[in-house]
1. Please identify the GluC sites (Glu not before Pro) of segment 58-96 that satisfy two criteria: DSSP loop assignment and at most 10 other Cβ atoms within 10 Å. Which are they?
2. Give me the distance in nm between label points sitting 7 Å out from Cα along the Cα-to-Cβ direction at Gln197 and Phe82, one decimal.
3. Read phi for every residue in segment 108-123 and hand back ³J(HN,Hα) as whole Hz from Karplus 6.51 cos²θ - 1.76 cosθ + 1.60, θ = phi - 60°, with x for Gly and Pro.
4. Once label points are set 7 Å from the Cα along Cα→Cβ at both Thr104 and Ser92, what is their separation, rounded to one decimal in nm?
5. From the backbone phi of segment 56-73, what are the Karplus-calculated ³J(HN,Hα) couplings (6.51 cos²θ - 1.76 cosθ + 1.60, θ = phi - 60°) in whole Hz, Gly and Pro given as x?
6. Identify all lysines with a Cα-Cα distance to Lys78 below 22 Å; exclude those on the same chain that are fewer than 8 residues away in sequence.
7. Which order do peptides 152-164, 124-136 fall in by mean Cβ count within 10 Å, highest first?
8. Can you send over the carbon and sulfur percentage of the accessible area for segment 66-210, probe radius 1.4 Å, protein chains only?
Amino acid sequence: MTDLLPEWVGSMGIVLFGLVVVMTIAVGIIIHIRKRKRFDVSKISITDIDQMSGHEFEDYLYVLFVALGYEETFLTKKSRDFGADLLFRDRSRRETVVQAKRITEKVGLDAVQEIFAAQAYYQADKAVIITTAKKLSEPCMKLAAATKVSIIARDDLIEMIRCFKRGKVEEAQDLVELSHEEIEYNSDDSLDDVDHQRGFIKAGDYFYKL
C-alpha cells in the first residue's frame, strides 16, 4: 500500500495541475470577452460613457462616427489639438470640428470659445460640442448662438446612441449634423457703462485729465 502512495500522489498532482491550467484559460477567456464587450462601441451605453476618461470619450466618438458612415473622420493629437478633438466631413461635405466634453457639471463659456477658435484654426465650416453634461450655462448658450456652434448635450447623445444601436443610421446622422440653436441675446448687455465727467476720464483706479 505504501508503495502505491507516491504514484497516487503524482497522479493527483497531474490532475490538479490540469485543473489549474483549464481554470486559468477559462478565466482568461472570460476577461477577454468582458474586455471586448467593454470596448465594443455597439454595446456601450451612456452609463459606460460616464465611466470614461476624456481621452477615452474622444476615441469612442471617433469609432462611432466612422461606424455611422463618416469615413473622413480624424482624431487630433492629444497634447496640441487647438481646441478640437475630432474633425470630420458631414454628408454635405462640410468640414466640422468637434470638442468632446466628458463632464458632469454645466458646459461653460470656455468650451464654446475653444471650439470656435479651433474652427478658425482648422478652417472648418462648422463647430460642434458633444457632451455628457445635462445642462449648459446661459453664457455658453448665448455665445454658441452668436458663433453658430452646435451643442449635442446628454439627451441628444443618448438618442444618437439609441439610433445607432437600432441601425437607424440616418436618424443618428441627423443628430450629429444638428443645426445650432437660436437664442435671443443682446451683446450690449455685456458692455460696462462707465460714467464720463467733463474733462476727466476714469476706469477703475486709472484716470486722465483732458
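1. Glu71
2. Between Gln197 and Phe82, the label points sit 4.9 nm apart.
3. Residue by residue, segment 108-123 yields x, 4, 4, 4, 5, 4, 5, 6, 5, 5, 5, 4, 5, 4, 8, 6 Hz.
4. 3.7
5. Once θ is set to phi - 60°, the couplings for segment 56-73 become 5, 5, 4, 5, 4, 5, 4, 4, 4, 5, 5, 5, 7, x, 8, 5, 8, 10 Hz.
6. Lys101, Lys126
7. The peptides rank, most packed first, as 124-136, 152-164.
8. 48
The values are calculated or read from the model by the stated rules, or taken from the named source; none is laboratory data. Keep in mind that this is a model prediction, so the values were computed, not measured. Cβ atoms come from the backbone with ideal geometry, glycine included; neighbour counts cover every protein chain shown. Keep in mind that these areas ignore ligands, DNA and RNA; they rest on the heavy atoms of the full protein, side chains included. Shrake-Rupley method; radii C 1.70, N 1.55, O 1.52, S 1.80 Å.
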